[in-house]
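What follows is a single structure, written as structure tokens, with notes after it.
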Amino acid sequence: MITREQALELLNKYVQTPWLRLHMRESEVIMIGVAKELKEDEYIWGLSGLLHDLDFDYVNKDPQRHVIEFDILLEKENLKVGEDIPIDVYHAIKSHYEDHPDIKEKRESKMDFALGASENLSGFLVACALVQPDKKISSVGIDSVLKKLKKKDFAKAVNREYIYDIEKVGISLERFIEIALKEMNSIADEIGL
Ligand SMILES: [Fe+2]
């Protein structure tokens with residue numbers, strides 16, 4: 001399995017957009033938080049968060065090619081699924097974009113549902129922080145997140161259904177938000193919030 005250093009090297013090589021790098025890092029820590037809660041492997045779950053959008057800059061953020069070309073990057077880097085990249089990490093990454101007609105992997109496992117939920121909540125919590133007077137993640141409360149989730153025109157691009165699917169891994173929505181806020185707060189300086 002690749003080390004975290006190797007995963008970071010991949011990120012440095014392929015992801016230049018500042019917000020995207022932060023989004024991948026935020027998704028990593030939220031996945032670690034969820035893994036801790038479920039007593040799953042924190043490294044493996046974190047890895048799926050850290051690498052899930054690896055090809056997004058590479059495909060120039062083209063939704064038609066996104067996640068499809070993740071495989072091309074693995075090939076270029078001579079990384080083998082099942083050896084360097086655990087099969088469940090690969091499946092979670094592919095299925096987080098199951099809406100693409102050419103992606104056959106669907107969200108099935110706990111890690112799959114957790115990744116779809118975590119990467120969507122990451123963006124949503126950033127949006128919640130940015131509307132606080134001090135723009136700090138520490139000013140974001142669970143209740144206000146729950147309220148904003150119900151407001152359809154707030155952070156429209158975020159897929160609420162994927163966030164709500166956290167219940168499929170056996171964690172309530174409230175608890176999930178609490179976990180994610182705690183993890184995001186732990187890297188507040190790094191993510192500039
Ligand atoms: Fe993402």
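Among residues of region 1-30 that are over 15 Å from Ser118 (Cα atoms), those with a beta-carbon under 9 Å from a residue that is basic (Lys, Arg) at least six positions away or on a different chain give the pairs Leu11/Arg21; Leu11/Arg25; Asn12/Arg21; Val15/Arg21; Thr17/Lys61. Candidates in region 1-21 are the residues that are outside any helix (DSSP H, G or I) and within 16 Å of the ligand (Cβ to nearest atom); of these, the one that is nearest to Asn78 (Cα to Cα) is Val15.
For the structure I just gave you, tell me whether Glu190 is within 13 Å of the chain's Cα centre (by Cα), under 17 Å from Leu50 (Cα atoms) and part of a helix (DSSP H, G or I). No: the conditions fail for Glu190. Filtering region 129-173 to residues that are more than 18 Å from the chain's Cα centre (by Cα) and of a type in the set (D, E, K, R) leaves Asp134, Lys135, Lys136, Asp143, Lys147, Lys148, Lys150, Lys151, Lys152, Asp153. Answer yes or no: is there a residue in region 131-139 that is surrounded by 13 or more Cβ atoms within 10 Å (Cβ to Cβ), among the aliphatic types (A, V, I, L, M) and over 25 Å from Arg175 (Cβ atoms). No, region 131-139 contains no residue that is surrounded by 13 or more Cβ atoms within 10 Å (Cβ to Cβ), among the aliphatic types (A, V, I, L, M) and over 25 Å from Arg175 (Cβ atoms). Pull up region 22-44, narrow it to residues that are more than 15 Å from the ligand (Cβ to nearest atom) and among the acidic types (Asp, Glu), then point me to the one that is farthest from Glu190 (Cα to Cα). Applying the filter and picking the extreme gives Glu40. Among the residues of region 45-67, are any away from the ligand (no atom under 16 Å from the Cβ) and buried (at least 19 other Cβ atoms within 10 Å of the Cβ)? For region 45-67, residues away from the ligand (no atom under 16 Å from the Cβ) and buried (at least 19 other Cβ atoms within 10 Å of the Cβ): absent. What about Asp88, is it closer than 21 Å to Glu167 by Cα, in contact (Cβ under 8 Å) with a residue 24 or more places away in the chain and away from the ligand (no atom under 16 Å from the Cβ)? The answer is yes for Asp88. Scanning region 9-34 for residues that are buried (at least 17 other Cβ atoms within 10 Å of the Cβ) and more than 13 Å from the chain's Cα centre (by Cα) turns up Leu10, Leu11, Tyr14, Val15.
Quick note: the coordinates plus some simple rules give every number you see, no bench work behind them. What you see is a predicted model; the values in this text were computed from it and never measured. Using ideal geometry, Cβ is built from the backbone for each residue, glycine included, and neighbour counts are taken over all protein chains shown.
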